[in-house]
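Encoded as structure tokens, the structure appears first; notes follow it.
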Amino acid sequence: MPGFLLHVGATVLCAHGGQAQPTAPNPRVLVGGQPTVTMAAPYAVAGCTLPPPAAANGPCVTAQWVTAATRVTSNGQPLLLMDSQALCAPTGTPLTVAATQTRVTAL
């Protein structure tokens with residue numbers, strides 16, 4: 001299924017409202033003048049509201065993507081799409097892409 005490519009300026013949130021940002025943008029491919037992100041790049045999560053151990057297993061600290069584009073790569077790594085899926089650590093909850101650019105799609 002085609003989806004819009006993720007870029008550094010995309011709004012990505014953990015399940016508890018924390019903001020997620022890529023730790024290693026991909027400067028070889030730009031969309032809207034901003035670098036894209038590959039599947040290999042972990043995301044750092046800040047502002048997660050899930051309580052720490054004893055009350056819960058949070059907050060979300062990092063996230064790793066588990067799905068990405070199947071036909072579009074950069075530097076040998078699949079690019080992330082709006083419908084790509086990621087899991088946060090240590091909670092195991094997903095990331096949600098709330099907004100991204102809407103001009104470039106990929107498979």
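In table form, for the structure just shown:
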| quantity | calculated |
| --- | --- |
| With every protein chain in place, region 41-95: carbon and sulfur % of accessible area (1.4 Å) | 61 |
| Inter-label distance, nm, simple model (7 Å from Cα along the C-beta direction), V104/A89 | 2.8 |
| For the chain: accessible area per residue (Å², 1.4 Å) | 51 |
| Relative contact order (%) - the chain, alpha-carbon pairs under 8 angstrom, separation at least six | 35 |
| Diffusion coefficient, µm² s⁻¹, Stokes-Einstein with Kirkwood Rh over alpha-carbon pairs of the chain at 37 °C and 0.692 mPa s | 239 |
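The values are calculated or read from the model by the stated rules, or taken from the named source; none is laboratory data. Just so we're clear, the structure is a prediction, and the values are computed from it rather than from any experiment. Cβ sites come from the backbone with ideal geometry, for glycine too, and all protein chains shown count toward neighbours. Side chains included, ligands, DNA and RNA excluded: accessible areas come from the protein's heavy atoms. Shrake-Rupley method; radii C 1.70, N 1.55, O 1.52, S 1.80 Å.
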